Amino acid sequence: MLEIVTFPNDILKRKTNPVKKVDAEIKEIISQMKETMYKNDGIGLAANQVNIPLSIMVIDTTSREEEHEKFQGVLINPTLVEKAGEIKFKEGCLSFPGLQVEVLRAKEVIIKAVNEFEEEVMLHLRELPAIVFQHEFDHLNGITFLDRLGGLKKRLALEKYNKSLKEKVGA
Ligand code: CO
């Protein structure tokens, strides 16, 4: 299992690099990312969250049985082709342990990516899978969910997060 990098580590603020070839090394990274996501009960993970500056995300929303829309897969070098609608959802992030914030995202996205078999895919994701994609896509671009909040909400969320960090250090 890989160690998860937590905010405010700088790697979370930097844009990741494209993957040139899905070779054995990349496949090993993907397998370890999946393991790390599952062990931490996550539904998505971006490579820079495990200190690897490459454009790779893993998603698996199938454990959220209450959600109609589900998606499970690996997306390499993803691009956002189109987005539509709006949806508000209380998001968590493995890089911000204990923090949940309501974020406004597009309700549907059409995306392009390369999968773990090095095939180009185009996908239409809706609701939770679309939300998770946008969250991880932001990570790959050096953006965290706090950056999606307005000034005051962002400051309050940051204060709450910093306070919980201090409490952990004190414990
Ligand atoms: Co996150």
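The values are calculated or read from the model by the stated rules, or taken from the named source; none is laboratory data. These figures come from a predicted structure and were not determined experimentally. Every residue, glycine among them, receives a Cβ derived from its backbone with ideal geometry; neighbour counts consider all protein chains shown. To get the accessible areas, we keep the full protein, side chains included, count just its heavy atoms, and leave off ligands, DNA and RNA. Shrake-Rupley method; radii C 1.70, N 1.55, O 1.52, S 1.80 Å.
Quick notes on this one:
- GLU102, sole failed condition from (1) within 12 Å of VAL132 (Cα to Cα); (2) over 14 Å from the mean Cα position of the chain (by Cα): (1)
- Residue that is nearest to the ligand (Cβ to nearest atom) [pool: residues in the range 143-157 that are surrounded by 14 or more Cβ atoms within 10 Å (Cβ to Cβ) and outside any helix (DSSP H, G or I)]: THR144
Conditions tested, residue by residue: (1) under 15 Å from ASN141 (Cβ atoms); (2) open to solvent by less than 10 Å² (accessible area, probe 1.4 Å); (3) free of Cβ contacts under 8 Å to residues at least 12 places away in the same chain.
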site	(1), (2), (3)
ASP10	yes, no, yes
LYS13	yes, no, no
GLN32	no, no, no
SER55	yes, no, no
THR62	no, no, yes
GLN72	no, no, no
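- Across the range 100-122, not a single residue is classified as in a helix (DSSP H, G or I) and either open to solvent by 20 Å² or more (accessible area, probe 1.4 Å) or touching a Cys at 6+ places or on another chain (Cβ under 6 Å) (or both).
- Residue count, the range 15-30 (criterion: open to solvent by 70 Å² or more (accessible area, probe 1.4 Å) and in contact (Cβ under 8 Å) with a residue 40 or more places away in the chain): 4
- Pair list, Cβ under 6 Å, 6 or more apart: the range 93-112 residue closer than 17 Å to LYS163 by Cβ, other residue in a strand (DSSP E or B) and more than 11 Å from the ligand (Cβ to nearest atom): GLN100/LYS90
- Considering residues of the range 123-140 that are open to solvent by 50 Å² or more (accessible area, probe 1.4 Å) and not in a helix (DSSP H, G or I) only, the residue farthest from THR61 (Cα to Cα): HIS124
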